[in-house]
Amino acid sequence: MVSLASMSTSTLHKGVNVPKISRKCYSEFMSCSNLICKQSSVLSKVKPVSYDLSKSQFFLTKNPVDWEQTQKNLQCHSLSTERRCSFSIGEKFQLDDVIEGQQFDRDILNAIFEVARGMEKVEKNSPESQILKGYIMATLFYEPSTRTRLSFESAMKRLGGEVLTTENAREFSSAAKGETLEDTIRTVEGYSDIIVMRHFESGAARKAAATASIPIINAGDGPGEHPTQDDIKDYLTSKGVKWSESTNLMEVASECDVVYQTRIQRERFGERVDLYEEARGKYIVDRKVLDVMQKHAVVMHPLPRLDEITVEVDSDPRAAYFRQAKNGLYIRMALLKLLLVGW
Amino acid sequence: MVSLASMSTSTLHKGVNVPKISRKCYSEFMSCSNLICKQSSVLSKVKPVSYDLSKSQFFLTKNPVDWEQTQKNLQCHSLSTERRCSFSIGEKFQLDDVIEGQQFDRDILNAIFEVARGMEKVEKNSPESQILKGYIMATLFYEPSTRTRLSFESAMKRLGGEVLTTENAREFSSAAKGETLEDTIRTVEGYSDIIVMRHFESGAARKAAATASIPIINAGDGPGEHPTQDDIKDYLTSKGVKWSESTNLMEVASECDVVYQTRIQRERFGERVDLYEEARGKYIVDRKVLDVMQKHAVVMHPLPRLDEITVEVDSDPRAAYFRQAKNGLYIRMALLKLLLVGW
Amino acid sequence: MVSLASMSTSTLHKGVNVPKISRKCYSEFMSCSNLICKQSSVLSKVKPVSYDLSKSQFFLTKNPVDWEQTQKNLQCHSLSTERRCSFSIGEKFQLDDVIEGQQFDRDILNAIFEVARGMEKVEKNSPESQILKGYIMATLFYEPSTRTRLSFESAMKRLGGEVLTTENAREFSSAAKGETLEDTIRTVEGYSDIIVMRHFESGAARKAAATASIPIINAGDGPGEHPTQDDIKDYLTSKGVKWSESTNLMEVASECDVVYQTRIQRERFGERVDLYEEARGKYIVDRKVLDVMQKHAVVMHPLPRLDEITVEVDSDPRAAYFRQAKNGLYIRMALLKLLLVGW
């Protein structure tokens, strides 16, 4: 789920009164973030990788109209964040489906994080590990995404639930015979209590949710919701967020609280391997970057990672990307709980 | 499982003393059916879609010898049904394998339906939801059929059982190295308590059952058991069932209790797309057909459906096809229970 | 897991004080084996199929440098075994990962067999059937091996554990995007408690184990650990094991305790179908071979089997290959228990 994978990486805020006991996993992301630096993927359709928690979010993608022009846009961005917190733990909300990032405001995200913190503490064979006993989740994946699927399935099983899996629904299922998504959903909802869906078409999750009488979680539906770099700039400006662009990674890294690195996606370059090679080597987070980073800052990455972060960074306590993946599990556990049994 | 998918759609009988409380799901199919109308798929190897419960069943398929001749055979059939009921709930039977429709007589089918009715009432975390705890079902699919597989797996899990899954046994397993089906079965029976099998070769399920010391459920084995249209006519005649053919869908629909629509299977037409296009548009169940249908009648379909039933029909209470799919789940739960732990 | 599949077939030892009650399944393999006969696969990269329990093991593979020369090496081997037993049941050991056969000495193997014997007696819904409740095993298969995967998954489920499955990680996962195995392991270990891994590259399992903080079981990693025929001869000689080669199957079979047959792997012959055809028919275990075999001797095979053992052998009580597969399940149950909860 695009937005979900992102959510787990998006607690880039501050001022939240986090109880000491639950700071263990989230502390990096909870620490005061004034500046953030992220490598801009030069091509369109890059997934959003963080969300607006404190009106300081950024999305960096670019529609490649002109390859030469695009090259110039490969740069490092830093932006300031506000300090604000409005989440009150006592507030409840009703979650019916998880379709897109925009459905969550800061309060809901904080509430989900609060539940996720509880999930970190679920012990094997404790009563909490059985709260979804008897529930069945169907992972209806029209294109494979093993990492995402395993994370959801692990989340479901850690809460005592059961899983029905289809990893290649596009080729294998009735979809190949021309069945509509709505018909498939109507059938699968008879077999399960919640559907985690990944689809190749933009808007598929929303369509499924409109049909289904059970909750739908969007684990990605095509290139949907991926604003261009210009969209983001406009958005940030409209929200009054101060931001700047830079091509000097070292300088920005020294000021940021979070260096959010992403993979340059070769699959977006088609046959222009030369441009890919040029782009991928431009900003590498390595030991030298670590050396200038602040002590409390973290390096994040949605994974998979190629060599845009060197392995020498892995052992540094500021390397947060594997913890980040693990936190995605707790977020998914929280969402499953909220969708199936509520608060 | 061909015959199973069919069974759930085949309670086209009458006179059964159905307890009021269990009429919820089956009532459409339990109501007095005197006439039934079904679109004839013009080509051979179409699966049988209903079974003989009251000696009034029909199978409508046609071996396409002559394409032009075949076209003329695309017609709508109606037939009368007898009223008879011989099932006594107290009767028990021993079920070892589920291989083909012919192994079930009316009494056994009614007994299975009786168990299926109980399955509708299985609540999450009730003792009944754990009757197959500790049992393992292997879904050994030599060709993928996601819908069927998910339905069986959901059935197993709803009764507390576990599942081992192979969706593409043909390509992945030792079969690719030339292992016989018998050897594969002997190995897999060591890992599981029941095997649900789908195979591309006619007779494979029977062969597996002859080898296995655990129950086998046939979830489809190639073009097996698919009588031609002429076979059916002969069969019905030999059973003394009155039947007639018609090319007037509106007329027949107005008289029938059940309009059983099926998909025209494009995959059977090869390169004759023109013939497929001509055939598929011939009988469409739409609002106009609904308008002439009796109030108590139902529209059934084994799914997946393309446009042979228009979506405007879906919201009509007489549209039974999604309930039909859900009922297939209860039938599968019943079969798993009967095969693994008996009555 | 290559070594594991082998282990279950490798209890070719003697002198162990096996309690009467547990001799049921292992007795064939536990009986005094003085001589063993095994068809030599003529080509390289054949998996090892038995292990050194009494310093009498053999591996028979051959690097095909010269096809004509290779043909001559297709022969039947017999070798003597020592009689020695040093296993004391009271001894415990710590098992962290299962990577290769060499990590096990005779004592550890005997200890594993002891636990495996207990696994044969685990009843459905007994407390023993829940010892891995709450644990999650990920089967991370970079190349499909349905038989091996189902066996591990059955083992895990029979002990109450849960399973996350990827059957085609190579194509589907982040590996296709260039992610290193180490990164994948770091992510998947966040979702599971143990990883059963099959990989196409030699040494992959060892690499994974070095990275992971959870146990890794090697379910095969490429052509690793497959000594050539000459290596084996050298090894046996260096260990002081008496061995001999023969091209007379009947003669050797009449002397052996174990006839260990293997499949001639067509996939290793490339386009030389003629050589494959010549090789595969050379040594067939059939009724005639059975007739000369000793009464207590057994025929083993790692499966899948083509026609190198004829089906007429299956019904003979000395045909041990299907029991052998079932015993692999108990070995896997034992390993999972030892790795996850210890003794």
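The values are calculated or read from the model by the stated rules, or taken from the named source; none is laboratory data. Computed from a predicted structure; not experimentally measured. All Cβ positions, glycine included, derive from the backbone under ideal geometry; neighbour counts span all protein chains shown.
Summary table
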item	result
Any hit, the range A:111-126, residues being at the interface with another protein chain (Cβ under 9 Å from one of its Cβ atoms) and charged (D, E, K, R)	yes
In the range C:191-203, residue farthest from the other protein chains (Cβ to nearest Cβ) [restricted to those that are surrounded by fewer than 24 Cβ atoms within 10 Å (Cβ to Cβ) and modelled with pLDDT under 95]	C:Ser202
Pairs, first within 16 Å of C:Lys326 (Cβ to Cβ) in the range C:108-124, second among the aromatic types (Phe, Trp, Tyr) and in a helix (DSSP H, G or I), C-beta under 8 Å, six or more apart	C:Phe113/C:Tyr26; C:Ala116/C:Tyr330; C:Arg117/C:Tyr26; C:Arg117/C:Tyr330; C:Met119/C:Tyr330; C:Glu120/C:Tyr330
Count - residues of the range A:129-156 that are in contact (Cβ under 8 Å) with a residue 24 or more places away in the chain and within 12 Å of chain C (Cβ to nearest Cβ)	16
Test: residue in the range A:226-246 that is more than 28 Å from C:Ala176 (Cα to Cα), part of a loop (DSSP other than H, G, I, E, B), modelled with pLDDT of 90 or more and over 20 Å from the mean Cα position of the chain (by Cα)	no
Condition broken by C:Glu278, with the remaining ones in (1) outside any loop (DSSP other than H, G, I, E, B); (2) more than 14 Å from every other protein chain (Cβ to nearest Cβ); (3) crowded, with 18+ Cβ neighbours inside 10 Å satisfied	(3)
Residue satisfying all of: in the range B:303-343; surrounded by fewer than 19 Cβ atoms within 10 Å (Cβ to Cβ), modelled with pLDDT under 95 and among the aliphatic types (A, V, I, L, M); nearest to the chain's Cα centre (by Cα) among these	B:Leu306
Counted residues, the range A:258-275 - those being under 25 Å from A:Gln324 (Cβ atoms) and out of contact with any strand residue (DSSP E or B) (no Cβ under 6 Å at 6 or more places or on another chain)	6
Restricting the range A:136-153 to residues that are among the polar types (S, T, N, Q) and surrounded by fewer than 24 Cβ atoms within 10 Å (Cβ to Cβ), the residue that is modelled with the lowest pLDDT	A:Ser145
Residue within the range A:158-172 that is farther than 15 Å from A:His199 by Cα, among the charged types (D, E, K, R), buried (at least 22 other Cβ atoms within 10 Å of the Cβ) and touching a residue at least 24 places away in the same chain (Cβ under 8 Å) present	yes
Some residue of the range B:260-271 being away from every other protein chain (no Cβ under 14 Å), surrounded by 16 or more Cβ atoms within 10 Å (Cβ to Cβ) and of a type in the set (D, E, K, R)	no
Condition met for B:Ala334 (hydrophobic (A, V, I, L, M, F, W, C) and within 13 Å of chain A (Cβ to nearest Cβ))	no
The range C:306-331, residues that are part of a loop (DSSP other than H, G, I, E, B), facing another protein chain (nearest Cβ under 10 Å) and without any contact (Cβ under 8 Å) to a residue 24 or more places away in the chain	C:Asp314
Among (1) surrounded by fewer than 15 Cβ atoms within 10 Å (Cβ to Cβ); (2) outside any loop (DSSP other than H, G, I, E, B) - the single one B:Val252 does not satisfy	(1)
Number of positions in the range B:157-187 that are farther than 16 Å from B:Ser145 by Cα and facing chain C (nearest Cβ under 7 Å)	9
C:Ile195, sole failed condition from (1) closer than 25 Å to A:His301 by Cα; (2) in contact with a Lys or Arg (Cβ under 9 Å, 6 or more places away or on another chain)	(2)
Residue within the range B:251-261 that is under 23 Å from A:Lys177 (Cα atoms) and of a type outside the set (A, V, I, L, M) present	yes
